[in-house]
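The values are calculated or read from the model by the stated rules, or taken from the named source; none is laboratory data. Just so it is clear, the structure is predicted and the values come from calculations on it, not from any experiment. FYI the Cβ positions are ideal-geometry reconstructions off the backbone, even for glycines, and counts take in every protein chain you see.
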Amino acid sequence: QRTASGRLRIAIQKSGRLSDESQALLKRCGLKLNLRDQRLMSHVENLPIDILRVRDDDIPGLVMDGVVDLGFIGENVLEEERLEREARGQEAAFKPLRRLDFGGCRLSLAVPEDFEYAGADSLTDCRIATSYPNLLRRYLNEKGVPFKSCMLKGSVEVAPRAGLADAICDLVSTGATLEANGLKEVEVMFRSMATLIQAPQPLDPERQALIDKLMVRVNGVIQAKE
Ligand code: PRT
Ligand code: ZN
């Protein structure tokens, strides 16, 4: 049960590729953020809102479980968590509010430069390193390609050279990391942006009204940039 504080809770990434722009968007929406210290939870000075700063991987679950009301998250992490929960028979609902204008990247398959790639079938029985096992499984199962996965939370791009895997499934933005590791991108599986999501449970009218007001501002801020 929610505590009676009545404050809206918003989760953002503590430090990483989404943090600066999530904070900047909230500031442009008129929130006076006070995030100087390392605290997990900070009060917004001018509105009944608390900001929770966590690892991005924790954000979809916090929203789906209703621990926080809103979350800023990459669609790649959100979709991976949704599939993971679905596979475990857990609740995975959330309300999509708005796709944002930052955090763009793609989840792609990549193979060593000298790999003779002629479509997904070329990956038959290959071992593929990834931090996104559920998205990878969905993609290759749909294509009917059997494969073995190798779960790595980091350094995925060095797995082929280290002899741990034949291919990788990883995020790409410029492609410089792939190139630096002698890999070529052969298949784009998923295009991702940062997105704003809400917990599935109905909220009290005051907090819902605050979210509605915030969304008008978010739309205004993003449209003003276009
Ligand atoms: O500590 P925490 O768990 O919160 O952060 P994290 O290390 O898991 O995530 P972080 O901050 O690296 O990324 C957060 C989100 O940013 C991702 O989930 C994506 O939604 C988005 N994003 C956008 C990216 C990239 N672009 C990106 N380029 N996330 C990661 N990368 C990686 C990529 O995998 C590659 O290894 O950056 C490297 C450089 O990419 P190139 O292609 O430009 O060389
Ligand atoms: Zn993470």
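What helices (runs of 4 or more DSSP H), lying completely within segment 73-192, carry at least 1 residues that are within 15 Å of ligand 1 (Cβ to nearest atom), exposed (fewer than 12 other Cβ atoms within 10 Å of the Cβ) and free of Cβ contacts under 8 Å to residues at least 40 places away in the same chain? Break it down stepwise before answering.
Working: elements: 75-87, 133-142, 176-180.
Correct list: 176-180.
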All but one of (1) more than 16 Å from ligand 2 (Cβ to nearest atom); (2) at pLDDT 95 or above; (3) out of contact with any His (no Cβ under 9 Å at 6 or more places or on another chain) hold for Arg7, so report the exception by its number. (3)
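How about segment 209-225: which of its residues are touching a residue at least 24 places away in the same chain (Cβ under 8 Å) and out of contact with any Gly (no Cβ under 8 Å at 6 or more places or on another chain)?
Taking segment 209-225 first, the residues touching a residue at least 24 places away in the same chain (Cβ under 8 Å) are 210-211, 214-215, 217-219, 221-222, 225.
Passing the criteria: Leu210, Ile211, Leu214, Met215, Val218, Asn219, Val221, Ile222, Lys225.
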Please indicate, with yes or no, whether at least one residue in segment 86-104 is over 24 Å from the mean Cα position of the chain (by Cα) and acidic (Asp, Glu). no
Scan segment 49-71 and report the pairs whose first residue is farther than 16 Å from Glu86 by Cα and whose second residue is of a type in the set (D, E, K, R) and in a strand (DSSP E or B), with Cβ atoms within less than 7 Å and a gap of 6+ or a chain change. Asp50/Arg9; Leu52/Arg9; Val68/Arg9; Asp69/Arg9
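Please verify whether Asp50 is away from ligand 2 (no atom under 13 Å from the Cβ) and closer than 17 Å to Pro200 by Cβ, treating the condition exactly as stated. Before the answer, list the steps.
Values: away from ligand 2 (no atom under 13 Å from the Cβ): yes; closer than 17 Å to Pro200 by Cβ: no.
So Asp50 fails the test.
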Looking at Ile12 and the list (1) within 16 Å of ligand 2 (Cβ to nearest atom); (2) more than 14 Å from Leu196 (Cβ to Cβ); (3) in contact (Cβ under 8 Å) with a residue 12 or more places away in the chain, which single condition is not satisfied? (2)
Just for segment 96-132: of the residues that are more than 16 Å from ligand 2 (Cβ to nearest atom) and touching a Cys at 6+ places or on another chain (Cβ under 6 Å), which one is nearest to Gln223 (Cα to Cα)? Leu109
Can you tell me which residues in segment 18-46 are crowded, with 16+ Cβ neighbours inside 10 Å and in contact (Cβ under 8 Å) with a residue 60 or more places away in the chain? Leu18, Glu21, Ser22, Leu25, Cys29
